[in-house]
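Input: a single structure, listed below in structure tokens.
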Amino acid sequence: MNVASETGRLNGKVAIVTGAGAGIGKTIAETFAREGASVCVADINGVSAEAAAQELVAAGAVAIGVEMDVTDEDAVTAAVDRVAKAFGSVDILVANAGIQHLAEIADLSFADWKRVLSVHLDGSFLTAKACLKYMIDGARGGSIILLGSVHSYLASEQKGPYIVAKHGLVGLARTLAKEGAKHGVRANTICPGLVRTALIEAQLPILAQERVVSEEQVITDFLKPTIDGEFTTQAELADVAVFLASFPSNALSGQSISVSHGIHML
């Protein structure tokens, strides 16, 4: 890949992207690098994080990879401190790390319930808190972006803890926006629609078997709520992340932006 700056909208900024060893997070990290940011690729899989960071470095970016379990407060604090020491500040957080578990509430174990909520909600809280230390103390302000979902507004079967967590992220971003405004810290939630990630790919055979249809039919059914029958792309989400990260004022804070090809319209 080529990380030559496109418009330089993030020149001089330091960004941490969690869950960035692959998928949406990796695409956001790559796009931030192209826009001039120094990027920390954070992932629970340290090997993936380091590999993704090395790809950026090889392409001319400034980047490091760190292993980060977003549910472990000590690990999060240590990783954010390492980034701030390496780059001098933390200006942008994209809390993207997430997991999924399919089961109806009646069949869902408490352990799986807590695990999904912990990654999404505890992870976003812990990473935001750790980054706020540098955004506030350094008097530089900053941008916190939480990755919600169209399920931040809607519900569907078998995704109870995921839906509850994604609803909760909207509230967390709004609170961060209220508390951060006086420090120049903005907080917003990006709410993707259907993105053909590894998470979706893993669900396809399960849902096809349950519904006794082909995987192609599952995809068709997935996309019926869109206005154009299209998946939301990772590139589209990355473009919105750059827009939010580079926005110059509190005029755009505490918002949730549905990037869903019309599945949900505010």
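Just a few scattered comments:
- The chain, relative contact order [Cα under 8 Å, separation at least 6], %: 18
- Summed over qualifying helices (DSSP H, 4 residues or more, each -39500 (n - 2.57)) and divided by its residue number, the chain shows a 222 nm mean residue ellipticity of -14500 deg cm²/dmol.
- Debye equation applied to the C-alpha atoms of the chain, log10 I(q)/I(0) at 0.08, 0.09, 0.15 Å⁻¹: -0.30, -0.38, -1.07
- Convex hull volume of segment 1-132 per residue (C-alpha atoms, cubic angstrom): 102
- DSSP beta bridges confined to segment 63-205 are antiparallel in about 0 percent of cases.
- Compactness of segment 209-266, expressed as Rg and Dmax over alpha-carbon positions, Å: 15.7, 51
- Cα shape, segment 105-152, gyration tensor, a/c 1.5 rule: oblate
- Rg and Dmax of segment 39-115, Cα atoms only, in Å: 15.7, 51
- Cut-off 16 Å (backbone N to label point 7 Å along Cα→Cβ of Glu73), residues of segment 98-123: 118-119, 121-123
- In this structure, the residue pairs whose Cα-Cα separation is over 27 Å, taken from Lys129/Lys166; Lys13/Lys114; Lys26/Lys166; Lys26/Lys182; Lys159/Lys224, are Lys13/Lys114; Lys26/Lys182.
- The chain - charge dipole about Cα centre, Lys and Arg +1 at Cβ, Asp and Glu -1, debye rounded to 20: 980
- Protection proxy ranking, highest mean first, for peptides 163-170, 80-87, 204-211: 163-170, 80-87, 204-211, where packing is the per-residue count of other beta-carbon atoms within 10 Å, averaged.
- On a per residue basis, the chain carries 44 Å² of accessible surface, using protein heavy atoms and a 1.4 Å probe.
- Computed accessible area, Cys191, all protein chains, 1.4 angstrom probe, square angstrom: 0
- Across the protein chains, with a 1.4 Å probe defining accessible surface, the residues Tyr153, Tyr162 rank Tyr153, Tyr162 from largest area downward.
- In this entry, segment 130-266 is assigned a mean projected area of 8.9 nm², taken as a quarter of its C-alpha convex hull surface.
- Convex hull of segment 96-205 built on C-alpha atoms - directionally averaged projected area, nm²: 7.2
- Alpha carbon Rg of segment 153-202, scaled by the compact-globule rule 2.2 N^0.38 Å: 1.44
- Within the chain, the selection of entire DSSP H helices by a Cα span of 15 Å or greater along the long axis and an average Kyte-Doolittle value of at least 1.0 returns 234-246.
- Amide H within-cut-off set for Glu35, under 5 Å, with H built and near neighbours excluded: Glu6
- What a 1.4 Å probe finds exposed on the chain is 54% carbon and sulfur by accessible area, rounded to a whole percent.
The values are calculated or read from the model by the stated rules, or taken from the named source; none is laboratory data. The shown structure was predicted, so the numbers you read here are calculated from the model rather than taken from an experiment. Counting neighbours? That spans all protein chains shown, and the Cβs are built from the backbone with ideal geometry, glycine included. All accessible areas refer to the heavy atoms of the entire protein, side chains included, with ligands and DNA or RNA removed. Shrake-Rupley method; radii C 1.70, N 1.55, O 1.52, S 1.80 Å.
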